[in-house]
Amino acid sequence: MEQHSPSIRAHAVALIRQGVPNHVVAEQLNIPRGTVGWWRCEDRKLRGEVYRQPTDCPKCTGRGFDEVAYSYLLGLYLGDGHIVSKPKQRHLSIFCDARQTGLIAAAEDAMRKVMPSPSVGRHRKPGCVEVKSYTKHWTCMFPQHGPGKKHDRLIVLEPWQQAIVDEHPWEFIRGLIHSDGCRITNWTTRTVAGERKRYEYPRYFFSNKSDDIRKLFTDTLDKVGVGWTTLARGSDPFNISVARKASVALMDLHVGPKY
């Protein structure tokens, strides 16, 4: 950092204490804005002030927030979401298929609606896009965060989260399907009047190793009247199937395929 005379620093600190913004102090004294920021920080420490980064976290501030967007984002987080909470690295990440541009935009939109202040970015990786929102307060909104993989720890919604899911169940289901689910077309053949015919029918799948997350999904399906079954691959019952015609029609109305 460039050295400045004690008189320049004293002048800058005096302006800072008067409430003059950093960029104005930098322009008046012809010094870098970063230097002014550093002096401001050092002056706070000298005076014993504890600086707290401003936040619009609903849990910390008590403000209202978009609960529809939150229910969807909760589903995305429980499926393909990840929170990093380290001293110098704090963010929420949602991993999306790079081909599903609609899902990428929806994930970003939901983050901004729940907490508008943090910056949101997209980071391309082989075959996917990581949508990231930078703030330590995502752990407040998703208390399910913890060390290790989700299927290795208990996943239980807090009462306030469950109330939101109960109020907006389809958004929660949609978030889970958009993260760890899919809509596919199955087919089979039947012999009718001696002729072999092919029949196609749509089906939804949700696959997750966490027993708790699968139960959150199926409990919510029960509440909205969607029938489901568990399909095991080998000995692993990780797959939930929705195949009944009426249930698929409900899913198509409220969820639909990823895009």
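The values are calculated or read from the model by the stated rules, or taken from the named source; none is laboratory data. Since the model is a prediction, treat every value here as computed from it, not as a measurement. Counting neighbours? That spans all protein chains shown, and the Cβs are built from the backbone with ideal geometry, glycine included. Areas reflect the complete protein model, heavy atoms only, side chains present, ligands, DNA and RNA absent. Shrake-Rupley method; radii C 1.70, N 1.55, O 1.52, S 1.80 Å.
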Looking at (1) in contact (Cβ under 8 Å) with a residue 40 or more places away in the chain; (2) under 15 Å from VAL129 (Cα atoms); (3) not in a helix (DSSP H, G or I), find the lone condition where GLY102 falls short. (3)
Select from segment 191-211 the residues that are open to solvent by less than 60 Å² (accessible area, probe 1.4 Å) and in contact with a helix residue (DSSP H, G or I) (Cβ under 8 Å, 6 or more places away or on another chain) and write down the one among them that is nearest to VAL156 (Cα to Cα). SER210
Which numbered condition in (1) open to solvent by 60 Å² or more (accessible area, probe 1.4 Å); (2) not in a helix (DSSP H, G or I) is the only one that LYS223 fails? (2)
Checked ASP109, ASP97 against criteria (of a type in the set (D, E, K, R), closer than 22 Å to LYS149 by Cβ and surrounded by fewer than 18 Cβ atoms within 10 Å (Cβ to Cβ)); the one match is ASP97
Suppose we filter segment 238-257 for residues that are over 14 Å from GLY181 (Cβ atoms) and among the charged types (D, E, K, R); how many remain? 2
Which pairs have Cβ atoms under 6 Å, sit 6 or more apart or on different chains, and link a residue in segment 13-42 that is without any contact (Cβ under 8 Å) to a residue 24 or more places away in the chain and in a helix (DSSP H, G or I) to one that is of a type in the set (S, T, N, Q) and surrounded by 15 or more Cβ atoms within 10 Å (Cβ to Cβ)? ARG33/ASN22; GLY37/ASN22
Pairs needed: first member in segment 245-258, within 17 Å of SER71 (Cβ to Cβ) and modelled with pLDDT of 95 or more; second member anywhere, open to solvent by less than 70 Å² (accessible area, probe 1.4 Å) and among the charged types (D, E, K, R); C-beta distance under 7 Å; at least 6 residues apart or different chains. HIS254/ARG174; VAL255/ARG174
Filter segment 226-244 down to the residues that are under 22 Å from TRP187 (Cα atoms), free of Cβ contacts under 8 Å to residues at least 12 places away in the same chain and assigned to a loop (DSSP other than H, G, I, E, B) and list them by number. GLY234
Can you find, within segment 44-68, the residue that is farthest from the chain's Cα centre (by Cα) among those that are assigned to a helix (DSSP H, G or I) and modelled with pLDDT under 85? LEU46
Looking only at segment 145-167, decide whether some residue is part of a loop (DSSP other than H, G, I, E, B), closer than 22 Å to GLY256 by Cβ and touching a residue at least 60 places away in the same chain (Cβ under 8 Å). no
Applying the selection to segment 121-138, what residues are open to solvent by 20 Å² or more (accessible area, probe 1.4 Å) and either within 11 Å of the chain's Cα centre (by Cα) or of a type outside the set (Val, Ile, Thr) (or both)? ARG122, HIS123, ARG124, LYS125, PRO126, GLY127, CYS128, LYS132, TYR134, LYS136, HIS137
Limited to segment 188-210, what total is found for residues that are polar (S, T, N, Q) and touching a strand residue (DSSP E or B) at 6+ places or on another chain (Cβ under 7 Å)? 4
Suppose the filter is modelled with pLDDT under 95 and aromatic (Phe, Trp, Tyr); does TYR199 pass it? yes
Are there any pairs with C-beta distances below 7 angstrom linking a residue in segment 115-126 that is under 26 Å from GLY64 (Cβ atoms) to a residue that is open to solvent by 70 Å² or more (accessible area, probe 1.4 Å) and not in a strand (DSSP E or B), with the two at least 6 apart or on different chains, and if so which? PRO118/TYR134; SER119/TYR134; VAL120/ARG112
Candidates LEU29, LEU92, LEU78, LEU74 - the one that is at pLDDT 85 or above, surrounded by 12 or more Cβ atoms within 10 Å (Cβ to Cβ) and more than 19 Å from the chain's Cα centre (by Cα): LEU29
